[in-house]
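The values are calculated or read from the model by the stated rules, or taken from the named source; none is laboratory data. Computed from a predicted structure; not experimentally measured. In this analysis, Cβ positions are derived from the backbone assuming ideal geometry, glycine residues included, and neighbour counts consider all displayed protein chains. Accessible surface is based on the protein model in full, side chains and every heavy atom, while ligands, DNA and RNA are left aside. Shrake-Rupley method; radii C 1.70, N 1.55, O 1.52, S 1.80 Å.
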Amino acid sequence: MLDGVFSFVLLDTRDNSFIAARDAIGVTPLYIGWGIDGSVWISSEMKGLNDDCEHFEIFPPGHLYSSKQGGFKRWYNPPWFSEAIPSVPYDPLALRKAFEKAVIKRLMTDVPFGVLLSGGLDSSLVAAVAVRHLAGTKAAKRWGTKLHSFCVGLEGSPDLKAAKEVANYLGTVHHEFHFSVQDGIDAIEDVIYHTETYDVTTIRASTPMFLMSRKIKSLGVKMVISGEGSDEIFGGYLYFHKAPNKEELHRETCHKIKALHQYDCLRANKATSAWGLEARVPFLDKEFINEAMSIDPEWKMIRPDLGRIEKWVLRKAFDDEEEPFLPKHILYRQKEQFSDGVGYSWIDGLKAHAESIVTDKMMSNAKFIYTHNTPTTKEAYCYRMIFERFFPQNSAILTVPGGPSVACSTAKAVEWDAQWSGNLDPSGRAALGVHLSAYEQGHVLANIAAGTSKTPRMIKVVAPGVAIES
């Protein structure tokens, strides 16, 4: 068993009592529900509970539930969980060794596998470390020493170009999948059904991953290693450029890690497992998290005056002049959120699609129809309508987080920059003055009004299965 990654239920057949536990961070999804007859239900999907339970909720990560005691008990309580500010000096070699150990641990497998490679820092480091250590593993003896890598994007997207360069540098067997904006829109209903969320940024990023996972599984691959978790641990999202001090930066990273089970972990698990594909995430290894979160957060502060960009401590740890892990310009590539990196027109297309089906009248009445987590954009309204067709129960609606966000920030971090409050969007391009291709306020609607933004056709029913160009 990988360290703290799996959830489980143990049943005592003598008295039918049980103990259930969820993994430390919430890499694997888990829900708990209660029937009207007093029964207790445990499921990895809400779908397994909504017909039989009067109430259900997210099973909290890092907790145990005992049917005898009838309550939760936290089993995972690392030093960083208290959000106390750490003071350990930055040791690049220790950080590198901890991550290499985490990747090596996830190379233990008896099925065909590969890595998800977007060409960004996190996935590229996963691939680089895997390539460097694969040869001596049992997996290599069974499946060969050539690592397979996978990338998805719109034609000409930033990720496709960067991933191909990294794959060529590392010598992986690279598989590049293309999709169109319309392919993605056609898949939205399936994506919401499988991911069980109406969160905008999760759906934006889950759709390309969902399409790619189908293609990967068709090749016979059953497990992939992915780069989720790094941005939360190291303050990698572009809004961290505005962190006012190390204390607030550290608290924000703690909040982000604690919420991963509702965002990136949910996406990585459900978008892949929808097709029977397993995703492993070495950045969320418990020992690695402890190592990274013990570093004095002053080292994580983004300091252009000192040449430190986002995730500088991670980049520096793998900046090896003698035996380079990656080309310099990849190692120091600006953070690109997955839903942006697959192609900027992807999010623009989603917004245009929502604009075509959600009217201004619908938006004006949104607060009366959706009293909890009221949609503030037409895109959010569109996803909420689909979600509630599949999951109309109030319990289901309450499992999805809400609140204002810019570039994937928490609501608290929106306060770091006054201009962000008027440009709330989870895309990295909403980080005005930070992202190299930042949005201009109102740019999407302006393009639609001018007729320069192509509006995809409207969908009503989605057929099972989505074609993907390759």
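The residue that is farthest from A127 (Cα to Cα), counting only those in the stretch 305-336 that are aromatic (F, W, Y) and at pLDDT 95 or above, is W312. Within the stretch 98-108, the set of residues being open to solvent by 10 Å² or more (accessible area, probe 1.4 Å) and either touching an Asp or Glu at 6+ places or on another chain (Cβ under 9 Å) or hydrophobic (A, V, I, L, M, F, W, C) (or both) comprises A98, K101, I104, K105, M108. State yes or no: is D296 within 24 Å of K242 (Cα to Cα), of a type in the set (D, E) and touching a residue at least 60 places away in the same chain (Cβ under 8 Å)? Yes; evaluated as a whole, the condition is true for this residue.
Listed here are the residues, each with its yes/no results for (1) without any contact (Cβ under 8 Å) to a residue 12 or more places away in the chain; (2) of a type in the set (G, A, S).
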{"site": "L10", "(1), (2)": "yes, no"}
{"site": "L30", "(1), (2)": "no, no"}
{"site": "V40", "(1), (2)": "no, no"}
{"site": "Y65", "(1), (2)": "no, no"}
{"site": "G71", "(1), (2)": "yes, yes"}
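For first residues located in the stretch 392-408 and within 19 Å of A243 (Cα to Cα) and modelled with pLDDT under 95, partners that are surrounded by 16 or more Cβ atoms within 10 Å (Cβ to Cβ) and among the aromatic types (F, W, Y) and lie 6+ apart or on another chain with Cβ distances below 8 Å form the pairs V406/Y239; V406/W420; A407/Y237; A407/Y239; C408/Y237; C408/Y239; C408/Y263.
Would you say S339 is modelled with pLDDT under 95, under 24 Å from the mean Cα position of the chain (by Cα) and either closer than 27 Å to V131 by Cα or surrounded by fewer than 16 Cβ atoms within 10 Å (Cβ to Cβ) (or both)? When the stated conditions are applied, S339 passes them. Being in contact with a strand residue (DSSP E or B) (Cβ under 9 Å, 6 or more places away or on another chain) and either in a loop (DSSP other than H, G, I, E, B) or within 29 Å of E388 (Cβ to Cβ) (or both) is the requirement here; does G227 meet it? Here the answer is yes, as G227 does meet what is asked. If I filter the stretch 128-153 down to residues being in a loop (DSSP other than H, G, I, E, B), closer than 18 Å to A167 by Cβ and of a type outside the set (S, T, N, Q), which single residue comes out as least open to solvent (accessible area, probe 1.4 Å)? Taking the candidates together, the pick is L147. Please work out if Y370 is of a type in the set (S, T, Y) and buried (at least 20 other Cβ atoms within 10 Å of the Cβ). The answer is no for Y370. Scanning the stretch 177-187 for residues that are open to solvent by 10 Å² or more (accessible area, probe 1.4 Å) and either among the small types (G, A, S) or in a helix (DSSP H, G or I) (or both) gives S180, V181, Q182, D183, D186. Remark: pairs (first residue in the stretch 307-319, in a loop (DSSP other than H, G, I, E, B); second residue open to solvent by 10 Å² or more (accessible area, probe 1.4 Å) and at pLDDT below 95; Cβ separation under 6 Å; 6+ apart in sequence or on different chains) = E310/K335.
Taking the criterion of being of a type in the set (V, I, T) and either assigned to a helix (DSSP H, G or I) or open to solvent by less than 40 Å² (accessible area, probe 1.4 Å) (or both), the residues of the stretch 154-176 that qualify are V166, T172. Considering the stretch 242-264 alone, what residues qualify as being in a helix (DSSP H, G or I) and over 27 Å from V400 (Cα atoms)? Correct list: K246, E247. Here the condition is being at pLDDT below 95, more than 15 Å from I25 (Cβ to Cβ) and open to solvent by 10 Å² or more (accessible area, probe 1.4 Å); of K242, K246, K351, it holds for K242 alone.
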